[in-house]
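**Q** Here it is, the structure, as structure tokens.
Just so it is clear, none of the values below were taken in a lab; they were calculated from the coordinates. Please read all numbers here as calculations on a predicted model, not as lab measurements. Neighbour counts are summed over all protein chains in view; Cβ atoms, including those assigned to glycine, are modelled from backbone coordinates with ideal geometry.
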């Protein structure tokens, strides 16, 4: 249910070993040596997985992603059974979180994803064992990623790249750039605007955010899709 370690033992919850993730990645990358196909690791969460990826980058061709949750939170944030932080993959140690940030800076991780898996509040306000896995994250993806810029962890250009053009390249779609003639899909943001995440202010029908009451810096003010303004504050 949570990372296998001190926190899982303290809370009396069944732990998810980081080895489970590592073994699957090792297996798949071994298969990739024999079978020429596209392969994307959707979300990694641990240092051990990153070590495997670093070792195999030169041998086989693949891409890799990480959840903004695993870049911004760790297992200690679960506190006393905060079910809104029951996520998949689970939040791991602070050392794992820091290693994932290094993985982005070293181009071992290609994309940052929202891990947007909304659940209704009734499915989250249960015992930790019974609560559904997932959280609403698409509205807070960019502002939360900007934390990494404001605290000096990741350059702004790298953050934008992992959120826009890199995912588009993996999906082989002509998006994520502002080239002349492309669809005018873009957002305008105030990169320094401070605000506090309040679940009641989320537009999504799902209010089960994992960062309720978190102070962020950077807020989207306008969103355009194909040149049409669809959102404005």
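**Q** Which length gain, in nm to one decimal place, applies between residue 188 and residue 224 when the Cα-Cα distance is subtracted from 0.36 nm times their residue separation?
**A** 12.1 nm
**Q** So how compact is the range 16-96: Cα radius of gyration and Dmax in angstrom?
**A** For the range 16-96, the Cα-based Rg and Dmax read 14.0, 46 Å.
**Q** I would also like to ask the following. Take the alpha carbon atoms of the range 170-233, find their center, do the same for the range 108-166, and report the distance between the two centers in whole angstrom.
**A** Measuring centre to centre over Cα atoms gives 12 Å.
**Q** On to the next question. Fully extended, how many nm does the chain gain between residue 121 and residue 180 (0.36 nm per residue separation, minus their Cα-Cα distance)?
**A** Values: separation 59, 0.36 × 59 = 21.24 nm, distance 4.31 nm.
Full extension from residue 121 to residue 180 adds 16.9 nm.
**Q** Out of all DSSP beta bridges with both ends in the chain, state the antiparallel percent to the nearest 5.
**A** Of the beta bridges lying entirely in the chain, close to 55 percent run antiparallel.
**Q** With the radius of gyration and the Kirkwood radius both derived from the Cα set of the range 1-43, what is their ratio Rg to Rh?
**A** When Rh is taken as the Kirkwood radius, the ratio is 1.21.
**Q** Next question, about the same structure. Once you have the Kirkwood Rh of the range 145-187 from its Cα pairs, apply Stokes-Einstein at 4 °C and 1.567 mPa s and quote D in µm²/s.
**A** 114 µm²/s
**Q** Please sort 171-183, 124-136 by packing, taking for each peptide the average over its residues of neighbouring beta carbons within 10 angstrom, highest first.
**A** Listed from highest to lowest mean packing, they are 124-136, 171-183.
**Q** Follow-up. Just to check, using Stokes-Einstein with a Kirkwood Rh over alpha carbon pairs, what's the diffusion coefficient of the chain at 37 °C and 0.692 mPa s in µm²/s?
**A** 174 µm²/s
**Q** Follow-up. Round to a whole angstrom and tell me the spacing of the C-alpha centers of the range 40-80 and the range 1-36.
**A** For the range 40-80 versus the range 1-36, the Cα centre distance is 11 Å.
**Q** Counting each pair of different Cα atoms once, what's the Kirkwood radius of the range 120-233 in Å, rounded to one decimal?
**A** About 16.0 Å, per the Kirkwood formula over Cα pairs.
**Q** Please give the calculated 222 nm ellipticity per residue for the chain, where each DSSP H segment of at least 4 residues contributes -39500 (n - 2.57) and the sum is spread over every residue; nearest 500 deg cm²/dmol?
**A** Mean residue ellipticity at 222 nm (helix-derived): -9500 deg cm²/dmol.
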